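Where a number appears in this text, it was derived from the coordinates with a stated rule and is not lab data. Please read these numbers as outputs of a predicted model, since none were measured by experiment. Reconstructed Cβ throughout: ideal geometry from the backbone, glycine too, with neighbour counts over all protein chains shown.
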């Protein structure tokens, strides 16, 4: 299957250059020539994850496992896709399945990341995060109807029903942000709180989930789910490199780069908040969430920055 291998190599290069559509097309062509090659499904899953096409990435990960159920990396792909879709329990189960086959550092890292993200989504001891508190507001629909950015969304009865469900179950709010409309709703709610909220004069208290900004080169251990380069487990030197590198390596590099950028913005936001420059804090936290939209910690921090202390 030399032609399939050539297409795979081209797909890996396209993936490394973040040309995800091209990579998907090349891996698809390779699969047509060699449908029993589980690595091709794994690589295409990675490319789809690069485009945040979580259901499609999950489908390829599951096909990879079907073709070769003893290959642990397939479960890592499945866990990553479920993590991106914020299906926390299923993601945890996928990583644990992979660990049962091969207890690798990569699988353990993925498992920790999704557990951290799930814990952040659930919130504090009473199960209600700053985000959840906003969605539990009895005047939720009044605020959305009065905001031109969100008023039109209320014309969709299915979406209204979704909001009512979240209003009744606010601890589940963190699981809904794969819908871009929910980001608009959250922004509108935080905008209202930003205008109305006040903080005691002279207070240095940080919003929930914050601490003093850590050095951007080495974020604190509470920063989930993407980890800085310093925490990456070293690759065994004695192990020979894969003859055909898979997208995991480039994907990991991209995650680390985005994590570093997002943490830098988070640090700026924390410093601005402490200096009571709330507008600058909002911009920095928003930028961090924009850079890393699958990391609920940045979203929680952003929400916390708008809630009255």
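The stretch between residue 290 and residue 115 holds 60.8 nm of extra length on full extension. This uses 0.36 nm per residue minus the Cα-Cα distance.
Could you give the length gained by full extension between residue 102 and residue 155, i.e. 0.36 nm per residue of separation minus their alpha carbon distance, to one decimal place?
Values: separation 53, 0.36 × 53 = 19.08 nm, distance 4.99 nm.
So the chain would gain 14.1 nm between residue 102 and residue 155.
Among 177, 135, the order by Cβ neighbours within 10 angstrom, fewest to most, reads 177, 135. If the chain linking residue 90 and residue 13 were pulled fully straight, counting 0.36 nm for each residue of separation and taking away their Cα-Cα distance, it would gain 24.6 nm.
Give the order of 140, 26 when sorted by the count of other beta carbons within 10 angstrom, beginning with the fewest.
Arranged by neighbour count, lowest to highest, 140, 26 become 140, 26.
The Cα center of the range 144-169 and the Cα center of the range 41-83 differ in position by 33 Å. With a Förster radius of 30 Å applied to the C-beta separation of residue 162 and residue 258, the computed FRET efficiency comes to 0.55.
Spin-label model, residue 3/residue 52: points 7 Å from Cα along the beta carbon direction are separated by 3.7 nm. Please state the shape class of the range 2-122: rounded when a/c is under 1.5, otherwise prolate if a/b exceeds b/c and oblate if not, all from the C-alpha gyration tensor. Judged from the Cα gyration tensor, the range 2-122 comes out prolate (a/c at least 1.5, a/b above b/c).
Order of 101, 131 from fewest to most other C-beta atoms within 10 Å? Walk me through the numbers before you get to the answer.
Values: 101 15, 131 27.
Ascending number of Cβ neighbours within 10 Å: 101, 131.
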